[in-house]
Amino acid sequence: MNILEAPFVKGFIRMCDDGFNQNWHERNGGNLSYRIREDEVESIKEELAWDKPWQPMGTSVPGLKGEYFLVTGSGKYFRNVALDPEANICIVEVDETGENYRLCWGLVKGGKPTSELPSHLMNHEVKKTASDGRHRVIYHAHPANLIALTFVLPLEDRVFTRELWEMATECPVVFPDGVGVVGWMVPGGREIAVATSELMKKYNVAIWAHHGCFCSGEDFDLTFGLMHTVEKSAEILVKVLSMGSGKLQTISPDEFRALAVDFKVTLPEEFLYEK
Ligand code: 13P
Ligand code: ZN
């Protein structure tokens, strides 16, 4: 099959476009990766090449040995992905040690996978285990309202989770585990990847202070929808804070507990504290 006809590639490209249209991807901001299923790799095998050298990925992900990933390129713009996929995205294979990768397709005009490859792959490794292999998408975006909140809210999981839950009734149903927050760190390396993947053991959302957000999910719809829901909630909170009078009323801990029963989700009590 022509790679560009493969449903997972079409879904990936559409998600890049959707993210750009949300204004989450200024310039080369943000990156996306998809852990390709075995049957999907099989379906495009005649278009892959294995002649490129192995490169160190800057971290170690033994749980992903032999896996293939569709990834955005470093310095490439989301707005250009749909126009010229071969030049802006790529497929990489992880070697048997889990420490190196090689380019098997794409980036035909040069370049390498996203500088956040260590965070993507470490998150994939954690999520593959935590979800029994169901999670396949890791998405990093720069949504403005969520980033704005990292300047005014304490950088604590319990505060961000509770505030975002209160802003929209659907939130505790969409992300019942809550959200994690990483304090400001230098992006693009192993250290921030370790901190993020540690949070991903517990959450599907990790917020990077003064930078952006990582989401994990089973497919493109769920992962994009998760980022969309979190950012929408952040937008409402920014509006509420901007109106100056504070909240006159909100959703109470007991109301969250009632919601959890009807919607059959478990909401950890650590987020239902009395204020
Ligand atoms: P890349 O262009 O290397 O993907 O980096 C963009 C980004 O958002 C870094 O955090
Ligand atoms: Zn970024």
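The values are calculated or read from the model by the stated rules, or taken from the named source; none is laboratory data. Treat the numbers as computed from the prediction; the structure is a model and nothing was measured. All Cβ positions, glycine included, derive from the backbone under ideal geometry; neighbour counts span all protein chains shown. Quick note on the areas: whole protein, heavy atoms, side chains included, nothing else; ligands and nucleic acids left out. Shrake-Rupley method; radii C 1.70, N 1.55, O 1.52, S 1.80 Å.
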For the stretch 110-192: accessible area per residue (Å², 1.4 Å): 38 Å²
Charge dipole (debye, nearest 20) of the chain; +1 at Cβ of Lys and Arg, -1 at Cβ of Asp and Glu: 560 debye
Inter-part gap, Cα centre of the stretch 212-275 to Cα centre of the stretch 150-188, in whole angstrom, is 8 Å
Of Val261, Ser74, Met1, which is farthest towards the positive pole of the chain's charge dipole, taken about the Cα centre with +1 and -1 on the beta-carbons of Lys, Arg and Asp, Glu respectively? Ser74
Angle in degrees between helix 117-130 and the longest Cα principal axis of the chain, rounded to the nearest 10: 70 degrees
Rounded to the nearest 10, the angle in degrees between the Cα long axis of helix 190-200 and the longest principal axis of the Cα atoms of the chain comes to 50 degrees
Stretch gain in nm, segment Arg14-Asp51, where the contour uses 0.36 nm per residue and the Cα spacing is subtracted: 10.4 nm
Using the structure shown, select from Lys10/Lys45; Lys232/Lys264; Lys45/Lys201; Lys232/Lys275 the pairs with a Cα to Cα distance greater than 28 angstrom. Lys45/Lys201
Rounded to the nearest 10 degrees, the helix 7-21 long axis (Cα) sits at an angle to the longest Cα principal axis of the chain of 50 degrees
Carbon plus sulfur, as percent of the 1.4 Å-probe accessible area of the chain, comes to 52 percent
Of the options Cys104, Ile147, Ser33, report the single residue whose Cα projects farthest towards the positive end of the charge dipole of the chain (beta-carbon charges: Lys, Arg +1; Asp, Glu -1). Ile147
Just to be sure I understand: if I project the alpha-carbon convex hull of the chain onto a plane and average over all orientations, what area do I get in nm²? 14.4 nm²
R0 = 35 Å: FRET efficiency of Leu248 with Glu198, Cβ-based, nearest 0.05? 0.40
Each residue of the stretch 46-61 in turn: what ³J(HN,Hα) in whole Hz from Karplus with 6.51, -1.76, 1.60 and θ = phi - 60°, glycine and Pro shown as x? 5, 9, 8, 9, 10, 9, 7, x, 5, 10, x, 8, x, 7, 10, 9
